[in-house]
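Here's the structure we're looking at; comments come further down.
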Amino acid sequence: MIIAIVDFDTAAADRATALAQLDSEREEVRAMPGNVAYRVYASREDETRVTIIHEWEDAESFAGYQKSDSFARSGKMIRPMMTGSPVSRRFHAELVETVA
């Protein structure tokens, strides 16, 4: 499993637009082969931070997402709003257990 956590900042006035763009892509990303989860969060500590957490079954699925129209659309819309470089941390993970 691949887990990717992306953090970036926008101007406070732009954060709602960035969140709306990411939210508008949720259904398409969730329907992609190998997607396990896609979550977007607005920081509660400051009004500029956005975090995206997504999980993929494997590296190939994640690579497919990175080549997708959805990824390109969000990048085209959001990158100009970013006040610095995004930080993306990617992990290989093994699911140990799902507790419901």
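Computed from the coordinates by the stated procedures, all read-outs in this text should not be read as laboratory data. These numbers were taken from a predicted model, which means no experiment stands behind them. Because the Cβ atoms are built from the backbone with ideal geometry, glycine has one as well, and the counts that use them run over all protein chains shown.
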Practice problem: Taking the residues in region 36-72 that are touching a Gly at 6+ places or on another chain (Cβ under 9 Å) and either of a type in the set (Lys, Arg) or without any contact (Cβ under 8 Å) to a residue 40 or more places away in the chain (or both) as candidates, determine which candidate is nearest to ASP7 (Cα to Cα). | Solution: TYR65
Quiz item: Can you name every residue in region 4-18 that is of a type in the set (A, V, I, L, M) and either in contact with a Lys or Arg (Cβ under 7 Å, 6 or more places away or on another chain) or crowded, with 17+ Cβ neighbours inside 10 Å (or both)?
Solution: ALA4, ILE5, ALA18
Quiz prompt | Only listed residue being touching an Asp or Glu at 6+ places or on another chain (Cβ under 8 Å) and within 20 Å of LYS76 (Cα to Cα), chosen from VAL29, VAL40 | solution = VAL40
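In this structure, does ARG44 turn out to be more than 25 Å from VAL96 (Cα to Cα), of a type outside the set (Ser, Thr, Tyr), in a loop (DSSP other than H, G, I, E, B) and out of contact with any Leu (no Cβ under 6 Å at 6 or more places or on another chain)? Walk me through it before giving the result.
On the way: more than 25 Å from VAL96 (Cα to Cα): yes; of a type outside the set (Ser, Thr, Tyr): yes; in a loop (DSSP other than H, G, I, E, B): yes; out of contact with any Leu (no Cβ under 6 Å at 6 or more places or on another chain): yes.
When the stated conditions are applied, ARG44 passes them.
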Quiz item: Which numbered condition trips up ALA18, out of (1) in contact with a Ser or Thr (Cβ under 7 Å, 6 or more places away or on another chain); (2) in a strand (DSSP E or B)?
Solution: (2)
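Starting from residues that are part of a helix (DSSP H, G or I) and touching a residue at least 24 places away in the same chain (Cβ under 8 Å), keep the ones in region 73-100 and report whichever is nearest to the chain's Cα centre (by Cα). Step through it out loud before you land on a result.
Our first condition is that a residue be part of a helix (DSSP H, G or I); within region 73-100, this holds for 73-81.
Still in the list and also touching a residue at least 24 places away in the same chain (Cβ under 8 Å): 73-74, 77-78, 81.
Details: ARG73: 13, SER74: 10, MET77: 14, ILE78: 12, MET81: 15 Å.
Out of the qualifying residues, it is SER74.
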Quiz item: For region 28-41, does any single residue satisfy the condition of being among the charged types (D, E, K, R) and in a helix (DSSP H, G or I)?
Solution: yes
Self-check item: Search result, residues across region 23-67 that are surrounded by fewer than 18 Cβ atoms within 10 Å (Cβ to Cβ), under 21 Å from SER85 (Cα atoms) and not acidic (Asp, Glu)
Solution: ARG39, TYR41, ALA42, SER43, ARG44, ARG49, THR51, ILE53, ALA63, GLN66, LYS67
Exercise. Filter region 55-72 down to residues that are part of a helix (DSSP H, G or I) and among the acidic types (Asp, Glu) and give me whichever is farthest from LEU22 (Cα to Cα).
Key: GLU60
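Report whether or not MET82 is more than 18 Å from ASP7 (Cβ to Cβ) and surrounded by 15 or more Cβ atoms within 10 Å (Cβ to Cβ). First the steps, then the outcome.
On the way: more than 18 Å from ASP7 (Cβ to Cβ): no; surrounded by 15 or more Cβ atoms within 10 Å (Cβ to Cβ): yes.
Answer is no for this residue.
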Self-check item: Tally of residues being of a type in the set (Gly, Ala, Ser) and touching a residue at least 60 places away in the same chain (Cβ under 8 Å) across region 2-35
Solution: 3
